[in-house]
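What follows draws every value from the coordinates through simple rules; no lab data is involved. Computed from a predicted model, the values in this text were never measured in an experiment. Every residue, glycine among them, receives a Cβ derived from its backbone with ideal geometry; neighbour counts consider all protein chains shown.
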Amino acid sequence: MLRSLAELGSVSPADFSLSVHHALAGLLSIATGSRKGHTALAAGDDTFGYGLIEASMCLAENPDEPVLVVHYDEPLPEIYSELEPQSVPASVVAMLLGAAQGQDDIEIEAIPPAPGASVSALSAEFAAFLRSNEREGSAKGERFTWVWRRA
């Protein structure tokens, strides 16, 4: 879109309509006829962690209503490589979360990261944790190290 703006002086409304953070959630809502709300988050490398917190707060507010968490991320296009010195691989995770049933409880903690630790793909690390039998897992975001524990 920026290249089009620079070269042509305008941007197609069709191109712009899918560039906002909540566009896909809006399209899914329209396609399924859902009138339920959705939240779009953009918190850099910590977005997935904050998404889990948002989902847990939604569940705390209404435990009978499952929460769909969809996280998608991909590296910036090559033209922006100087803005993103460290690139994580493209990833997508979708989870339907419900109120914990005792053994399914997972605690989330955000702690200051260790100096020099490299950023990891939070969603991929969390998915690996869920598939494992480990009691605890973690991944480093931009602002926090996210720790997940089975309660």
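If a spin label sat at a point 7 angstrom from the Cα of residue 80 along the line to its beta carbon, the backbone N atoms of the stretch 19-49 nearer than 19 Å would be those of 19-25, 40-49.
As a proxy for reagent exposure, 19, 123 were ordered by neighbouring Cβ count within 10 angstrom, fewest first; the result is 19, 123.
Report the calculated FRET efficiency for residue 34 and residue 14 (r = Cβ-Cβ distance, R0 = 30 Å), to the nearest 0.05. Here the calculated transfer efficiency is 0.80. Under a 5 Å amide H cut-off, with hydrogens placed 1.01 Å from N, residue 143 pairs with 46 among residues at least 5 apart or on other chains. Each of 73, 46 was scored by other Cβ atoms within 10 Å of its Cβ. Listed from fewest to most, they are 73, 46.
Relative to the dominant Cα principal axis of the chain, helix 23-32 is inclined by about 70°. Note on the chain: Kirkwood radius taken over Cα pairs, Stokes-Einstein applied at 20 °C and 1.002 mPa s, translational D equal to 122 µm² s⁻¹. Rounded to the nearest 10 degrees, the angle from helix 122-131 to the longest Cα principal axis of the chain is 40 degrees.
At R0 = 30 Å, how high is the FRET efficiency between residue 143 and residue 60 if r is their beta carbon distance? Nearest 0.05 is fine.
0.85
Working note: Debye formula, equal point scatterers on the alpha-carbon atoms of the stretch 93-150, no solvent; log10 I(q)/I(0) at q = 0.17 Å⁻¹ is -0.58. What is the helix-to-structure angle for 47-61, meaning the angle in degrees between its Cα long axis and the longest Cα principal axis of the chain, kept from 0 to 90 and rounded to the nearest 10? Relative to the chain, helix 47-61 is tipped by roughly 60 degrees. Stretched out straight at 0.36 nm per residue, the stretch from residue 24 to residue 104 would grow longer than its current Cα-Cα span by 25.9 nm. For trypsin sites (Lys or Arg not before Pro), the sites in the stretch 76-151 that DSSP calls loop and that have at most 10 other Cβ atoms within 10 Å are 135. Put in order of Cβ neighbour count within 10 Å, fewest first, the listed residues 47, 32 become 32, 47. Lys and Arg at +1, Asp and Glu at -1: add these up for the other residues within a Cβ distance under 13 Å of residue 67 and post the number. With Lys, Arg at +1 and Asp, Glu at -1, the net is -3.
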